[in-house]
Amino acid sequence: MNEPIRTVAVLGTGIIGAPVAKNLRAYGAVRVWNRTRAAADEVGAAGGIVVADTVAEAVAGADVIVTVLADGPAVREVMAAAAPAFAPGVVWIQLSTVGPADTAEFADFARATGLTFYDAPVQGTKQPAENGTLVVLAAGPQDGRDVAEAVFDAIGSRTVWVAERPGVATRLKLALNSLVFALTHGIAESLSLATAFGVDPALVVDVVAGGPLDSGFLRAKAGAMLAGEYPAAFSVANSVKDAELIVAAAEQAGVAVDVTAAGLGRFRRAAAAGYGDADMAASHLAR
Ligand SMILES: NC(=O)c1ccc[n+]([C@@H]2O[C@H](COP(=O)([O-])OP(=O)(O)OC[C@H]3O[C@@H](n4cnc5c(N)ncnc54)[C@H](OP(=O)(O)O)[C@@H]3O)[C@@H](O)[C@H]2O)c1
């Protein structure tokens with residue numbers, strides 16, 4: 001007997017959604033929808049991917065829906081538009097970074113509309129997404145995990161099951177991003193200080209090379225700052241959004257996040273200076 005054709009609808013073809021959609025061809029038939037059609041067409045041009053005109057058309061008959069959208073409000077809006085076309089028993093994999101309250105709301109929405117919901121933010125940026133080496137942080141029910149895992153295997157090199165309860169993976173993602181942001185701002189300030197002190201800022205990288213402070217992340221972000229080139233792997237606009245989520249969630253949890261709060265100020269200033277679409281390394285340009 002032939003296997004049924006597995007069909008996944010990817011909603012959102014931005015920096016992460018586009019490569020995720022391409023890699024999901026290893027899972028089954030892929031349909032994409034994006035608010036701005038041109039970005040979806042670029043993904044469709046890779047071949048073997050159907051570009052849907054509407055979100056309802058993308059999800060009709062799909063057995064898996066993957067959301068890779070900017071933020072909670074975008075996910076809410078797009079899934080509400082998709083709802084009339086849901087097939088019964090669909091698995092919804094929510095990759096976008098949203099807040100704990102959004103995730104709780106989406107779990108309720110899934111229950112009410114008959115979807116099996118996985119809270120599944122990803123660790124890794126543009127290049128790991130292209131290489132299929134994202135780390136998926138997953139929370140969701142045992143039933144349906146075979147489907148979810150087949151999706152995760154197509155887009156990532158590792159899945160960390162954090163809990164059954166949705167929201168726990170989202171919280172881990174926010175904790176991880178607080179580390180990413182602290183590193184980014186630390187590198188930016190160190191290079192700025194060196195420059196202001198009349199020292200070649202490249203010496204900061206040179207001195208730590210090969211030691212415990214050295215890392216691929218430091219090399220990538222310092223490299224962008226030293227070159228003054230900021231093609232987005234993770235945008236300043238999304239960094240503002242995530243830093244705001246961290247500050248709000250930390251307040252609820254009663255944790256002081258002084259570094260994230262100060263870093264949010266840097267990201268906001270970089271965005272106000274016109275660098276919202278630039279990489280988060282543009283923290284270096286915050287004045
Ligand atoms: N980039 C990373 O390194 C990274 C890593 C881990 C997690 N994430 C998370 O993954 C998600 C996607 O990130 P990304 O870097 O791919 O972002 P991105 O390139 O900015 O893409 C954002 C996507 O959301 C869509 N969108 C925004 N507002 C919308 C709305 N109101 N209605 C419908 N669609 C809307 C955009 O559509 P348009 O094309 O029409 O604007 C685009 O498809 C975010 O939650 C981000 O925090 C990103």
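Looking for something within 16 Å of the ligand (Cβ to nearest atom), touching a residue at least 24 places away in the same chain (Cβ under 8 Å) and outside the structural domain of I16 (by TED's automatic domain parsing) - is there at least one such residue anywhere in the stretch 184-198? Yes, there is a match, as at least one residue in the stretch 184-198 is within 16 Å of the ligand (Cβ to nearest atom), touching a residue at least 24 places away in the same chain (Cβ under 8 Å) and outside the structural domain of I16 (by TED's automatic domain parsing). Looking only at the stretch 147-157, decide whether some residue is in a loop (DSSP other than H, G, I, E, B) and without any contact (Cβ under 8 Å) to a residue 40 or more places away in the chain. Among the residues of the stretch 147-157, not one is in a loop (DSSP other than H, G, I, E, B) and without any contact (Cβ under 8 Å) to a residue 40 or more places away in the chain, which makes the answer no.
Only one entry in T97, T133 is touching a Lys or Arg at 6+ places or on another chain (Cβ under 9 Å), touching a residue at least 60 places away in the same chain (Cβ under 8 Å) and of a type in the set (S, T, Y), namely T97.
In the stretch 141-178, of all residues being closer than 22 Å to D242 by Cα and among the polar types (S, T, N, Q), the one that is surrounded by the most Cβ atoms within 10 Å (Cβ to Cβ) corresponds to T170. Checked against (1) farther than 22 Å from S192 by Cα; (2) surrounded by 13 or more Cβ atoms within 10 Å (Cβ to Cβ), A253 passes all but a single condition, namely (2).
Listed here are the residues, each with its yes/no results for (1) in contact with a His (Cβ under 7 Å, 6 or more places away or on another chain); (2) more than 16 Å from the ligand (Cβ to nearest atom); (3) at negative phi.
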| residue | (1), (2), (3) |
| --- | --- |
| T103 | no, no, yes |
| R111 | no, yes, yes |
| A120 | no, no, yes |
| T133 | no, no, yes |
| G144 | no, yes, no |
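Only one residue in D242, D258 is outside the structural domain of I16 (by TED's automatic domain parsing), within 15 Å of S178 (Cβ to Cβ) and exposed (fewer than 14 other Cβ atoms within 10 Å of the Cβ). Which one? If you could, list the steps in order and put the result at the bottom.
Values: D242 fails: exposed (fewer than 14 other Cβ atoms within 10 Å of the Cβ).
When all the criteria are applied, what remains is D258.
Would you call G223 without any contact (Cβ under 8 Å) to a residue 40 or more places away in the chain and surrounded by 13 or more Cβ atoms within 10 Å (Cβ to Cβ)?
Details: without any contact (Cβ under 8 Å) to a residue 40 or more places away in the chain: yes; surrounded by 13 or more Cβ atoms within 10 Å (Cβ to Cβ): yes.
Yes.
Within the stretch 103-136, restricting attention to residues that are of a type in the set (D, E) and farther than 30 Å from K221 by Cα, the residue that is farthest from the chain's Cα centre (by Cα) is D108. Among residues that are polar (S, T, N, Q) and not assigned by TED's automatic domain parsing to the domain that holds R269, T159 is included.
The values are calculated or read from the model by the stated rules, or taken from the named source; none is laboratory data. Everything numeric here is computed off the predicted structure, so don't read it as measured data. Positions of Cβ are generated from backbone atoms using ideal geometry, with glycine treated the same way; all protein chains shown enter the neighbour counts.
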